[in-house]
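K.L.:
This is the structure, below, for whatever I ask next.
The values are calculated or read from the model by the stated rules, or taken from the named source; none is laboratory data. The shown structure was predicted, so the numbers you read here are calculated from the model rather than taken from an experiment. Heads up, the Cβs are rebuilt from the backbone with ideal geometry, glycines too, and the neighbour counts pull from every protein chain shown. For accessibility, only protein heavy atoms count, side chains too; no ligands or nucleic acids. Shrake-Rupley method; radii C 1.70, N 1.55, O 1.52, S 1.80 Å.
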Amino acid sequence: MEAILRDCVQHSLRDFMHRNAIFVCERLCAEFPSETNLQLLAGCYLQSNQAYAAYHILKGTQVAQSRYLFAISCFQMDLLGEAEAALCPANEPGAEVPNGAAGHYLLGLIYRYTDRRKSAIHHFKQALTMDPCMWAAYEELCVLGSAEEAAVVFGEAAVLSIQKQYLHHGLASQSLLTLNEDCSLVSGRNFSSEDVSQRQFKHVQGNNIRDMSGNSHISLGGASGQPVNGSSGSSFFNTPSPVPMQLSGVAPPALCRIGQPNGPNLNTGTDSSPKSNVNSTIQAPRRKFVDEGKLRKISSRLSFDSGNRRSNRLAAEAGTNTNASASVTAGNGTTNSSKYLGSSKLSSVARSLANRKGQPWANENVDEGMRNETFDDSRSTTAAVASGFTPSSDARYPEQEGATLSSTGGIINVSRVATGASEILSLLRTLGEGYRLSCMYRCQDALDVYLKLPYKHYNTGWVLSQVGKAYCELIDYSEADRAFSLARQASPYSLEGMDMYSTVLYHLKEDMKLSYLAQELISTDRLAPQSWVAMGNCYSLQKDHETALKFFQRAVQVNSRFTYAHTLCGHEYVALEDFENGIKSYQTALRIDARHYNAWYGLGMVYHRQEKFEFSEHHFRTAFQINPRSSVIMTYLASALHALKRSEEALVMMEKAIRADKKNPLPMYHKASILMSLEKFDEALAVLEEVKEYSPRESSVYALMGKIYKRRNMHEKAMLHFGYALDLKPSATDVATIKADIEKLHVPDELDDE
């Protein structure tokens, strides 16, 4: 009964029927209360986005996997203190972080959001060391500005690590499959009479198992492992045997871990609680096995009504290619590998390949989930020690046959495993280096790296969004618009980078495209912060700052850790001249991401407007240290230096800003202002004439030229340029300033200054 319920839960989860999975799993926990089953129930709630339910179910649990799931639920509920305590118990300072690389990654996120940068970096690096394919950890390191070059992180050491993990898990899985030819138990659901008629059941003698601990179990592919109540030297198993098969003669490795199934047929003699781990040594290699996908196919047809029929084990004279193969079972005899998404797909592919060959039960060497099957010590804390096998005369070891192993699709040589790992990490090196350079705001270098990608990878939503972000940082909004448009075409369902796309359209003043984008995003996902950011930008472009602020606040409600939404709230508060709340929004953004230079820039602008130039210079300089290639930041840093009477430093910084972006007229305009204050009128006018070439309809340029001509007592030219400035329809504030300058046109400068 327990196996049937657990199998039903797993099938419901695979089919995304979360409500059904929760209902059945509650029945499972009521009938068979155990922490393993509670883990499964908590997992059902987590997958259905009900973290609060998982929190209450797992609160107070001590098993490692339970603590990890509890930490996940705490993190989703923003209870970071409890999440940290679950992963790193205070009474066990030297305890290992549960769930390996994923546990270290989660702990790194907790440390990052609690402003412990060094600890976060340490755990992200630890996660990458344990699993070089954990891209999310490398992303976090890039965001924190502490990522090593991708060539180092995804280098040869990572290739060896992946190869080692792959072979270890794959060969261990193969060994379990082979060993359980002699000791496995299969239980299932319904099985028709014609299917039963050709099946045989093996009787495995107890002398095949040297030492079977009474309190041992192992969990395979999920939370299905159960404690075993067994006795040493006399246990036997009833195994349904499929028709004879011709399979590869590859021998398993000498070492793996095996769990005893806990079935209703076993004689129980001891307590069933798991306590300790034991490694199993397999001395006799077996050459034939059934993949896990096939096992599920068998299990689904078995009926309890048919009874457990026994037959003597097939003798050795069956030959090397006619021995019946056994299957690995977990829990009460039911295989469970649904933890790894896509396993059923692999199984169906394998079956289709075999059927095309006309051998529906033969030559299926697919060890489903071989790459992913893990043996979690938090859920499987004991194992049996097996011995007593005698190698057959035709047994061949991997060392003798080029170290081949069974994998999805057939026999794969170890060298092919290494080649595959190298190809994967080569791709990650290119993607990682491009992303690292983007986070360092070396955007042109990042674009050059992305161009090295194969077209099929370059033309994906994520890469094109990163290209769009890079162009946005380079203030090349037209190219950014093009890249984001291609990203929308490649992945119309993805919201990656759409917040930045809306900002690009905002700067381009493309109100129609921005409105259309916002409506599309809202219809796609109303619970995504990117959707509400686009709506806010749409209203901000229309100068409706109060409505825009409401939409940005909605984005914050949807995801309180979405840094850009906090910064945009600050911008709207500043536009409404609510500087106090603007400062709070910027500071909140910096608590989430201390390298978010937009927030440092926003704080600098607030203090600059409040004429707190020391604070302004500090925040602009911090933003400049994060993004040393932004001409806008350099321009305002120079303005702050000029306000602090450090005009020479200001001019040097302004020259850097001009060189950084020669198409940007802003630094040239501010340079002319500084030159005018230093009474270098001719140089200032020369700079402004150059600015006019880039921005011929910028009223502030003509207004500044009018002021310079006034200072030189050239009143007619001054009046002419003030008139040009008014004709270009400046803002109401600028109009008032220009009219005031016209009224004082004939007032001497000394009196004007007073």
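K.L.:
With a 1.4 Å probe and every protein chain kept in, tell me what percent of the accessible surface of the stretch 1-50 is carbon plus sulfur. Walk me through the numbers on the way to the answer.
P.N.:
Working: 1330 of 2390 Å².
Taking all protein chains in place, the stretch 1-50 shows 56 percent carbon and sulfur surface.
K.L.:
With the cut-off at 1.5 for a/c, could you classify the stretch 1-142 from its C-alpha gyration tensor as rounded, prolate or oblate?
P.N.:
Cα axes put the stretch 1-142 in the prolate bin.
K.L.:
For the stretch 40-50, take each phi angle, set θ = phi - 60°, evaluate the Karplus expression 6.51 cos²θ - 1.76 cosθ + 1.60, and give the result in whole Hz per residue in order, putting x for glycine and proline.
P.N.:
Once rounded to whole Hz, the list reads 5, 5, 4, x, 4, 5, 4, 5, 9, 6, 10.
K.L.:
How high is the relative contact order of the stretch 1-142, given as a whole-number percent (alpha carbon pairs under 8 Å, six or more residues apart)?
P.N.:
Once normalised by length, the contact order is 12 percent.
K.L.:
Grab the Cα-Cα distance for LYS543 and LEU644, subtract it from 0.36 nm times how many residues apart they are, and report the gain in nm with one decimal.
P.N.:
The span from LYS543 to LEU644 would gain 33.1 nm if fully extended.
K.L.:
Rounded if a/c is under 1.5, else prolate if a/b beats b/c, else oblate: with a ≥ b ≥ c from the C-alpha gyration tensor eigenvalues square-rooted, which is the stretch 513-553?
P.N.:
Here the stretch 513-553 falls in the oblate category.
K.L.:
ARG697 versus GLN62, label points 7 Å from Cα toward the beta carbon: distance in nm?
P.N.:
Going from the ARG697 label point to the GLN62 one covers 7.5 nm.
K.L.:
Classify the stretch 616-677: rounded, prolate or oblate, from the alpha-carbon gyration tensor (a ≥ b ≥ c, eigenvalue square roots; a/c under 1.5 rounded; otherwise prolate if a/b is larger than b/c)? Working shown, then result.
P.N.:
Numbers: a/c = 2.10, a/b = 1.08, b/c = 1.95.
Note, shape of the stretch 616-677 comes out oblate.
K.L.:
Follow-up. So, in Å, what gap is there between the alpha-carbon centers of the stretch 631-678 and the stretch 77-126?
P.N.:
Using only Cα atoms to place each centre, the spacing works out to 44 Å.
K.L.:
Give the distance, in whole Å, between the Cα centre of the stretch 436-470 and the Cα centre of the stretch 691-754.
P.N.:
So the two Cα centres are separated by 45 Å.
K.L.:
If the chain between MET714 and GLN557 were fully stretched, how many nm would it gain, using 0.36 nm times the residue separation less the Cα-Cα distance?
P.N.:
So the extension gain works out to 50.8 nm.
K.L.:
Sticking with this structure for a sec: Run the numbers for SER731 and ARG14: contour at 0.36 nm per residue of separation, minus the present Cα-Cα distance, in nm. Spell out each step's value before the answer.
P.N.:
On the way: separation 717, 0.36 × 717 = 258.12 nm, distance 5.95 nm.
Net length gain for the segment: 252.2 nm.
K.L.:
Also, quick follow-up: List residues of the stretch 451-472, by number, whose backbone nitrogen lies under 16 Å from a label position 7 Å along Cα→C-beta of GLN489.
P.N.:
From the stretch 451-472, the list is 455-465, 467-468.
K.L.:
How large is ³J(HN,Hα) for each residue in the stretch 723-740, as worked out from phi by the Karplus curve 6.51 cos²θ - 1.76 cosθ + 1.60 (θ = phi - 60°), to whole Hz, x for Gly and Pro?
P.N.:
x, 4, 4, 5, 5, 7, 6, x, 5, 4, 5, 5, 4, 5, 5, 5, 5, 5
K.L.:
FRET efficiency for ASP511 and ASP115, Cβ-Cβ distance as r, R0 = 51 Å, nearest 0.05?
P.N.:
The computed FRET efficiency comes out at 0.85.
K.L.:
Quickly work out the TYR455-to-GLU520 label distance, labels modelled 7 Å from Cα along the C-beta direction, and quote it in nm with one decimal.
P.N.:
2.3 nm
K.L.:
Between ALA151 and GLN625, what's the calculated FRET efficiency when r is the beta-carbon distance and R0 is 22 Å? Round to 0.05.
P.N.:
0.30
K.L.:
Taking the simple approach of a point 7 Å from Cα along Cα-to-Cβ for both ASN91 and THR129, what is their distance in nm?
P.N.:
Each label point is offset 7 Å from its Cα along the Cβ direction, giving 2.9 nm.
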